[in-house]
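Colleague: This structure is in structure tokens; I'll ask about it shortly.
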Amino acid sequence: MNELIYEIEKIARKAGEIMLEAKNEKNKGIEMKEGVGNIVTKYDKLVQEYIEAELKKLLPESHFIGEEEDMQEDVLQRGYTFIVDPIDGTANFARNLNLSSVSIGLLKDGEQYMAACYNPYREEMFLAERGQGAYMNGERIHVSKKKLDQAVFSAGSGPYYAELREKTINMFATYFRLANDYRRIGSAVIEICDVAAGRIEFYCEERLQIWDYAACTLILKEAGGKTTDFEGRPLNFRGPSSVMASNDAEDYLSYLHEESL
Ligand code: IPD
Ligand code: CA
């Protein structure tokens with residue numbers, strides 16, 4: 001893999017260490033953001049500031065899009081653009097559940113190029129470069145081959161969009177009737193990396209932001225999986241999207257369209 005990915009890895013690891021410093025701290029400086037139950041802690045901001053400053057030093061010509069800032073430049077189509085979620089699983093982080101991840105995705109001329117997702121609690125570093133495979137802690141990873149009847153799946157829904165809850169319940173019910181079991185961790189990044197590592201078979205959510213899916217979906221693709229929106233189209237990184245992230249063992253979306261719409 002290109003040396004650049006290992007530089008990004010170092011930044012993700014250090015960001016994870018900042019998250020660990022907050023472990024068991026009761027008041028993490030929680031503030032409310034727009035939407036239902038949407039919180040931010042002082043660490044989301046701290047970690048993002050750290051990552052942004054380091055990435056600028058690493059690739060000064062790159063653009064930066066992060067979750068914890070209002071401005072979103074229209075820079076996705078040219079040159080290098082980092083898309084960062086400093087702490088995916090913020091609600092877990094605030095509750096000391098130890099189920100959160102740093103996520104750094106890099107696009108080159110609008111296409112996914114590199115990805116680093118680091119879960120400091122499990123000390124798991126997922127890395128991928130386009131065309132070069134996906135790795136966890138240096139070991140090549142692959143999706144599982146299990147089909148829906150043997151599948152463990154996760155169907156997410158942030159609490160932020162009240163209008164999507166019914167649809168999510170229907171989607172969940174559809175798959176739960178047909179699958180082996182389900183899990184819900186509360187971090188789309190961790191769950192999609194878990195699909196990539198062959199631990200679960202698919203993850204789906206009605207609306208994910210680009211910083212939720214920019215890195216982990218490259219890791220999944222490089223591990224042999226597939227990601228599309230609910231219409232089966234490729235993700236385009238221009239804005240929020242529905243996401244089906246799977247081991248590609250069968251057409252999971254066909255069940256969704258048949259039964260829950
Ligand atoms: C959220 C988590 C959650 C998913 C939400 C995301 P955040 O990210 O990934 O699992 O269901 O849609 O927004 O807010 O914890 O960074
Ligand atoms: Ca997130």
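Colleague: Among TYR121, TYR203, TYR213, which one moves the most in a GNM of the chain with springs linking Cα atoms closer than 10 Å?
Modeller: Checking each option, the largest mean-square fluctuation is seen for TYR121.
Colleague: Ranking VAL143, VAL40, VAL152, VAL189 by Cβ neighbours within 10 Å, fewest first, what do you get?
Modeller: Lowest to highest Cβ neighbour count: VAL152, VAL40, VAL143, VAL189.
Colleague: For a 23 Å ceiling on Cα separation, which of these pairs sit above it: LYS26/LYS167; LYS14/LYS221; LYS10/LYS108?
Modeller: LYS26/LYS167; LYS14/LYS221, as the Cα separations exceed 23 Å there.
Colleague: What residues have an amide H closer than 5 Å to that of LEU235, excluding those fewer than 5 places away on the same chain, when H is modeled at 1.01 Å from N in the peptide plane?
Modeller: ASP229
Colleague: Suppose R0 equals 35 Å. What FRET efficiency, 1/(1 + (r/R0)^6) with r the Cβ-Cβ distance, do TYR160 and GLU3 give to the nearest 0.05?
Modeller: Using R0 = 35 Å, I get an efficiency of 0.40.
Colleague: Report the extension gain between ASP149 and ASP109 in nm, rounded to one decimal, defined as 0.36 nm multiplied by the number of residues separating them, less their alpha carbon distance.
Modeller: Residue separation times 0.36 nm, minus the Cα-Cα distance, leaves 10.5 nm.
Colleague: While we're here: Only counting other Cβ atoms within 10 Å, I'd like CYS204, CYS117, CYS216 sorted with the fewest neighbours first.
Modeller: Listed from fewest to most nearby Cβ atoms, that is CYS204, CYS117, CYS216.
Colleague: Please arrange ASP251, ASP88, ASP44 by how many other C-beta atoms lie within 10 Å of their C-beta, fewest to most.
Modeller: ASP251, ASP44, ASP88
Colleague: State the antiparallel share, in %, of DSSP beta bridges confined to segment 129-224, rounding to the nearest 5.
Modeller: So the antiparallel bridges amount to about 25 percent of the total.
Colleague: Grab the eigenvalues of the alpha-carbon gyration tensor for segment 88-174, scale each by 5, take roots, and send me the semi-axes largest first in whole angstrom.
Modeller: Ellipsoid semi-axes (Å, largest first): 26, 19, 16.
Colleague: Roughly speaking, what is the stretch gain from ARG13 to GLU25, that is 0.36 nm per residue apart minus the C-alpha to C-alpha distance, in nm to one decimal?
Modeller: 2.3 nm
Colleague: Tell me the mean residue ellipticity at 222 nm calculated for the chain from its helices only (DSSP H runs of n ≥ 4, each -39500 (n - 2.57), averaged over every residue, nearest 500).
Modeller: Rounded to the nearest 500, it is -9500 deg cm²/dmol.
Colleague: Within segment 151-173, find all residues whose amide N lies under 19 Å from a label point positioned 7 Å from the Cα of ARG122 along Cα-to-beta-carbon.
Modeller: Hits in segment 151-173 for ARG122 at 19 Å: 151-157.
Each reported figure results from applying straightforward, stated rules to the coordinates on display, with no laboratory input. Quick caveat: nothing in here was measured; it's all calculated off a predicted structure. Every residue, glycine among them, receives a Cβ derived from its backbone with ideal geometry; neighbour counts consider all protein chains shown.
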